[in-house]
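The values are calculated or read from the model by the stated rules, or taken from the named source; none is laboratory data. Every value quoted in this text rests on a predicted model; they were computed, and no experiment measured them. Don't worry about glycine lacking a Cβ; one is built from the backbone with ideal geometry, like all the others, and counts go over all protein chains shown. The area values use the complete protein model at the heavy-atom level, side chains included, leaving out ligands, DNA and RNA. Shrake-Rupley method; radii C 1.70, N 1.55, O 1.52, S 1.80 Å.
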Amino acid sequence: MKIALPTRGGQIDDHFGHCESYMVFTVDGDRKIVGMEKVDSPEGCGCKSNIAPQLSAMGVTVMLAGNMGQGAVNVLSRNGISVVRGCSGEVRAVAEAYLAGTLSDSGETCHHHDDHQCSGH
């Protein structure tokens, strides 16, 4: 299993589509992190980039994110990646919380403006 997290400065980036990079954790059958890899973020909005198929091709099946628009949720879902929104904090700690079963999806999405930024960002 592989889990991806949009990252900025070692923390979950609150806006999926504009993060610095994605941290991808490889998880074994005992739900323990056994590897990690940094994937550079493509230019432009995440929902319009090739990041979803790229992460899917790497074996990513879960995205732990701060927030994202419905377009990004749809693109990730079409690529076999389930999304957990409302995450915050240091990326490894968030991944470990997910693996421990203590995270759940907030169900909230960004409402985009013309410039594809979240409200309040």
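Structure notes:
- Test: Ala4 is within 22 Å of Ala100 (Cβ to Cβ) and either in a loop (DSSP other than H, G, I, E, B) or open to solvent by less than 60 Å² (accessible area, probe 1.4 Å) (or both): yes
- Note on segment 85-104: among residues that are in a loop (DSSP other than H, G, I, E, B), over 12 Å from the mean Cα position of the chain (by Cα) and not hydroxyl-bearing (Ser, Thr, Tyr), the one that is farthest from Gln70 (Cα to Cα) is Ala100.
- Complete set of residues in segment 10-30 that are closer than 17 Å to Gly89 by Cα, open to solvent by 20 Å² or more (accessible area, probe 1.4 Å), touching a strand residue (DSSP E or B) at 6+ places or on another chain (Cβ under 8 Å) and of a type outside the set (A, V, I, L, M): Gly10, Gln11, Glu20
- Which listed residue is open to solvent by 40 Å² or more (accessible area, probe 1.4 Å) and closer than 16 Å to Leu103 by Cα, from Gly80, Gly86: Gly86
- Restricting attention to segment 74-121 and to residues that are among the charged types (D, E, K, R) and modelled with pLDDT of 95 or more, the residue that is nearest to Thr7 (Cα to Cα) turns out to be Glu90.
- If only residues of segment 42-53 that are open to solvent by 30 Å² or more (accessible area, probe 1.4 Å) and either of a type in the set (A, V, I, L, M, F, W, C) or not in a helix (DSSP H, G or I) (or both) are counted, the one that is modelled with the lowest pLDDT is Cys47.
- Every condition in (1) surrounded by 15 or more Cβ atoms within 10 Å (Cβ to Cβ); (2) more than 14 Å from Asp14 (Cβ to Cβ); (3) within 10 Å of the chain's Cα centre (by Cα) is met by Ser56 except one, and the failing one is (3).
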